[in-house]
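This report concerns only the one structure given below.
The values are calculated or read from the model by the stated rules, or taken from the named source; none is laboratory data. Since the structure is predicted, the reported quantities are computational estimates derived from the model, not experimental observations. Note that we place each Cβ from the backbone using ideal geometry, even for glycine, and neighbour counts take in every protein chain shown.
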């Protein structure tokens, strides 16, 4: 007996208010793993433009997302391991954040999801006043007086039941997960 065709309706991320809470938790976990405590704030100064922006695409059958992580250069210096170029470091942080979000989506039934190699641009080229219909509101964070901003643009499966408390703690870099 043939299985019925199931169509997936992708809806803008801003229609998934719980998704922002998952992104917030993943961002806090990311910086905590690098020894920095970040706190969420209602809005932040544009000082993050004195840094860089890492951009990673997360996609699969249940999502089409673009993640932007913008960090002040002071925050990048505080977390930098010294083994990569400073400009590339924000790309690696964005990549690690995307991995955490990808894992969270997998926990909520998003199935197979992939992410791209990060791209990096100077944060001063990013406009935050152009929030579109598919973008969630930017999430502003501060750590040691240095701002960071996370923005996700794109679409998620409207049937995903996103519950931030269900997101397992991240898998440590280099850790193993059996899927």
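Listing for the model above:
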| read-out | value |
| --- | --- |
| Residue within the range 74-86 that is part of a helix (DSSP H, G or I) and within 27 Å of residue 161 (Cα to Cα) present | no |
| Residue that is part of a strand (DSSP E or B) and either touching a helix residue (DSSP H, G or I) at 6+ places or on another chain (Cβ under 8 Å) or in contact (Cβ under 8 Å) with a residue 24 or more places away in the chain (or both), where the choices are 53, 26 | 53 |
| Filtered residues of the range 107-122 (kept if surrounded by 18 or more Cβ atoms within 10 Å (Cβ to Cβ) and at pLDDT below 85) | 108, 110, 113 |
| In the range 123-157, residue surrounded by the fewest Cβ atoms within 10 Å (Cβ to Cβ) [restricted to those that are part of a helix (DSSP H, G or I) and touching a helix residue (DSSP H, G or I) at 6+ places or on another chain (Cβ under 7 Å)] | 124 |
| Hey, residue 80 touching a helix residue (DSSP H, G or I) at 6+ places or on another chain (Cβ under 8 Å) and without any contact (Cβ under 8 Å) to a residue 24 or more places away in the chain or not | yes |
| Yes/no for residue 104 being out of contact with any strand residue (DSSP E or B) (no Cβ under 7 Å at 6 or more places or on another chain), touching a residue at least 12 places away in the same chain (Cβ under 8 Å) and assigned to a loop (DSSP other than H, G, I, E, B) | no |
